[in-house]
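As C-alpha cells, the structure follows; a few thoughts come after it.
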Amino acid sequence: MDLINKFLNLVAPPFTLFSLCLFLPPFLCYKFLLSVFNSIFSEDVSGKVVIITGASSGIGEHLAYEYARRGACLALCARREKSLEEVADTAREIGSPDVITIRADVSKVDDCRSLVEETMNHFGRLDHLVNNAGISSVALFEDIVNITDFKQIMNINFWGSVYTTRFAVPHLRYTKGKIVVLSSAASWLTAPRMSFYNASKAALVLFFETLRVELGSDVGVTIVTPGFIESELTQGKFLTGEGRIQIDENLRDAQVSTIPVQSAWSCAKAIVNSVCRGDTYLVVPSWFRTTYWMKVLCPELLEFWYRVFYMGRPEEPSYEAPSKKVLDYTGAQNVLYPSSDQSADIKTE
C-alpha cells in the first residue's frame, strides 16, 4: 500500500497538470456558453414562494425587496418582529402579492420546523429557500472571557441553515426548487479576531457542496460568498470577547479598514440574478475572487499580511492596528463606506 501511495505521489501531480491543460479550455468555453444560455432563459420567480431567514436587516432585507420586485410570494423570518413587519410592508408595496412574517430563532430546531410548516400551510408550496440568517463575532481568541458564549455563532450561522434546509428539502424536491446559502469570503480568508465566524462560514460551504452532490439535479444549490456588504456587521454590530452583542465602530474600522463596502441592494440584485440563472457559486463583489486565488497560491503571504496590517503591536488595543490607522489618516471611510455605515441609526434590539 505504501508503494502505491509513493508511486501516486510521483505520478499524480504531473498527470493532473497535463489533464487540466487539456480539459480546462473546453470546460471554460462550455461554462461561458451555459452562462449565456441561462442568462437568456433565466427563471421567472413571479408567483413562486420564497423563504428568507434573517430578513429583518442587511442583505436579507434587500433580498426580500428584490424578490418582491419580481412578484414572488415571501415568507420572511427573523427574531425581531417589529423590523420584520416593516420589511414585509415595504415588500408588499414594491410588488409581492403575498407576504407572511414568522418570528423564529434558526438556532432552535423546532423554530426551523415551524417556519417551513407555516410556509407550507399558508402557500402550499416552496420554491426557494434563502439561508441568510447569521451573526458575526470580532474578538481575539485569547481575549474571550467565556468560550461557550461563542457556540451561538455556529448554532445560528451553520446549524440554522442546516435545520431549515432539512425540513425544506422534501418540498423543494417536489417543485425542483433552489437553496441559496449566504456564506462569506471569510470562508477562505484568515482575518484575525473573526476565527469563529470564519469557521462557521467555511463549514457552510463544504456542507452545501456535499449536499449539492447528494441532491443532484432535483434541487439547485447556489453558494454565495460576499465580501464586505452593507449590513449590521459593517456598521460595527457583532459579538465581542465579553460574549455580548455590541456596537463598536472603532473595531469595525480595524476589521474592514480600506476595503470598499458594497451596497446591500446591489448585492441582493446580484444574488437573485445568479440564483435565477442557476449558478452554483457567486462571489460578490466579483473582484473578491482575487483573494481566493491569493489564498490558494500564496497562503503564507496572505497570513503575513493579515498579521502585520490587522494585528499591530501586542501592547496596543485592537482598534489601534495599522488597518485602523490608515483609515483614520486618509479619511477613506467617507468614500469607501455607504452612508448607512456612517450613521448612528443602527438597530440594537
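The values are calculated or read from the model by the stated rules, or taken from the named source; none is laboratory data. Everything quoted here is computed from the prediction, not taken from an experiment. Methodologically, a virtual Cβ is constructed for each residue, glycine included, from the backbone with ideal geometry; neighbour enumeration extends over all protein chains shown. We work out accessible area using only protein heavy atoms, side chains counted, and drop any ligands, DNA or RNA first. Shrake-Rupley method; radii C 1.70, N 1.55, O 1.52, S 1.80 Å.
A few remarks follow.
- Rh (Kirkwood; distinct C-alpha pairs) - region 9-76, Å: 15.6 Å
- Taking all protein chains as shown and a probe of 1.4 angstrom, ARG173 keeps an accessible surface of around 90 Å².
- Region 179-270 - Rg and Dmax from Cα coordinates, angstrom: 14.9, 46
- Residues whose placed amide H lies under 5 Å from that of ALA104, excluding near-sequence neighbours: ALA78, ARG79
- Taking every DSSP helix (H) stretch of at least 4 residues in the chain, weighting each as -39,500 (n - 2.57) and dividing the sum by the residue count yields a mean residue ellipticity at 222 nm of -16000 deg cm²/dmol.
- About its Cα centre, region 120-202 has a charge dipole of approximately 500 debye under the convention of +1 per Lys or Arg Cβ and -1 per Asp or Glu Cβ, with nothing else charged.
- Checking the Cα-Cα distances for LYS82/LYS201; LYS82/LYS237; LYS82/LYS108; LYS108/LYS269; LYS108/LYS201 against a 23 Å cut-off, the pairs over it are LYS82/LYS201; LYS108/LYS269.
- Derived value for region 242-305: Kirkwood hydrodynamic radius 14.7 Å. Basis is the mean of 1/r over every pair of different alpha-carbon atoms.
- Translational diffusion of region 229-345, µm² s⁻¹ [Kirkwood Rh, Cα pairs; Stokes-Einstein; 25 °C; 0.890 mPa s]: 154 µm²/s
- Annotation: TYR306 carries an accessible surface of approximately 20 Å², with a 1.4 Å probe and no ligand, DNA or RNA atoms counted.
- Of the listed residues GLU86, GLU66, GLU43, the order by accessible area with a 1.4 Å probe, largest first, is GLU86, GLU43, GLU66.
- Residues of region 51-71 with amide N under 20 Å of the 7 Å Cα→Cβ point at ARG103: 52-58, 61
- Under the span-like rule (Cα at least 27 Å along the axis, Kyte-Doolittle mean at least -1.0), DSSP H helices of the chain: 2-40, 195-215
- Eligible aspartates and glutamates near LYS178 by straight Cα distance, threshold 15 Å, same-chain separation 8 or greater: GLU43, ASP44, ASP127, GLU209, GLU214, ASP218, ASP279
- Distance between the 7 Å Cα→Cβ label points at ASN273 and PHE15: 4.2 nm.
- The residue among TYR67, PHE37, PRO14 whose Cα reaches farthest toward the positive pole of the charge dipole of region 1-76, with charges on the beta-carbon of Lys, Arg, Asp and Glu, is PRO14.
- Only aspartates and glutamates eight or more places from LYS295 in sequence, or on another chain, were considered; those with a Cα closer than 18 Å are GLU303.
- Taking chymotrypsin sites (Phe, Trp or Tyr not before Pro) across region 7-86, the ones in a DSSP loop with at most 11 further Cβ atoms lying within 10 angstrom of their Cβ are PHE41.
- Highest-fluctuation residue, HIS128, HIS62, HIS171 considered, GNM on the chain with Cα pairs under 10 Å: HIS171
- Note on region 75-183: the alpha carbon radius of gyration divided by the globular reference 2.2 N^0.38 Å gives 1.19.
- Å² per residue, accessible surface of region 4-141 at 1.4 Å: 53 Å²
- Overall, the ratio between the Cα radius of gyration of region 112-234 and 2.2 N^0.38 Å, rounded to two decimals, is 1.14.
- Relative contact order for the chain, counting Cα pairs under 8 Å that sit 6 or more residues apart, in percent: 16 percent
- Once the Cα gyration tensor of region 65-134 is diagonalised, semi-axes √(5λ) in Å: 19, 14, 10
- Evaluated at q = 0.08 Å⁻¹: base-10 log I(q)/I(0), Debye formula over Cα of the chain: -0.42
- Each Lys and Arg Cβ is given +1 and each Asp and Glu Cβ -1; about its Cα centre, the chain then shows a dipole of about 960 debye.
- DSSP finds beta bridges in the chain, and of those with both partners inside it, around 10 percent are antiparallel.
- Kirkwood Rh and Cα Rg combined as Rg over Rh, evaluated for region 1-118: 1.31
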